[in-house]
Every structure is written in structure tokens, then in C-alpha cells.
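Below is one structure; the comments refer to it alone.
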């Protein structure tokens, strides 16, 4: 079954590549966008990314952050946790592996000099705090926003930046 999916994926990528080559009059951005969309479409067909929304969870009212931006910072940088700074891979129902993205700790340390850092994750507080405890430089994060700060919508948790409590530009 997996071999068939790989073959199908390769065939679809090949078809898109041919279309791109045939349309060489178009610009590179269009070609890149077309290839990216084909990859996303293939991925979405194979993955059901929806999660079970916890109806019992108390959703926090906006604005989430009432504390003003630090005086020595002019801007805020909002970062996602999973797939941006770390990756958690479930190995079995009882164990998993947390992988820290190479350079993530250095990135946090450098960005904290210039920005008020916020981690905004759709993960639950316990998991997010645990994951961040393994990340060097996480103490530089000014604010942490979790699943209860996200809005449940059609089986997903949507992180609405307009509700953070900072001007979005």
C-alpha cells in the first residue's frame, strides 16, 4: 500500500514538473507556487490533520496578554512551538522522542535581544511547558500561549494573532 502511495506521489510530481517545464514563459514564483500546491494537496489527501476539540476546555478571552511590551523592545515575535522549534515523534502509545530543531536555541537567544518573544502553540500547557523545558533559551520567552488561547474551528485549533493583545502590522 505504501509503495502505491509513493508511486502515485512521484507520478503527480512528475506531471506537475512537466506542466511547469512546458510553461517556461511563466515566472519562477508561479512555478514554485504550483509545485508547492501540488505537494500540499497530496499531503492533505493522505493526512487527516483534524483533532478532537475538547469541549470542556475553558477558552481564554482576548486580549490574552495585558502586560505591555518590554521597554527595551520595539516589536513582538510570535513563534509556534511544534514543527518550528521542536518536533515530537510518538514511538509508541507510552513513549516518544522530542527533537529540537538545530539552531533553535541560538535563534531564541539572538531574537530575544531584539524582540519580545511569544510562543503560541495549539498544544496543551503541560506538553508545551515540558517541551520548552528542554530548549535552551526558553527562559527568554516573555509569554506562552497554549491551546486554551486558540479558537476551536472545524476540528482544528486556530491561533488568532489579532487576539494576542499586541498591534499586528
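FYI, it's all coordinate maths here, none of it is from the lab. Here the structure is a predicted model, which means the values were calculated and not measured. Glycine gets a Cβ as well: all are built from the backbone with ideal geometry, and neighbour counts include every protein chain shown.
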Exercise. Please work out how much length the chain gains when fully extended from residue 61 to residue 125, using 0.36 nm per residue of separation minus the C-alpha to C-alpha distance, in nm with one decimal.
Key: 21.4 nm
Exercise. Show me 151-159, 105-113 ranked by packing, highest mean number of other Cβ atoms within 10 Å first.
Key: 105-113, 151-159
Exercise. At a temperature of 10 °C and a viscosity of 1.306 mPa s, determine how fast the stretch 75-163 diffuses translationally according to Stokes-Einstein, using the Kirkwood radius over alpha-carbon pairs as Rh; express D in µm²/s, rounded to the nearest whole number.
Key: 116
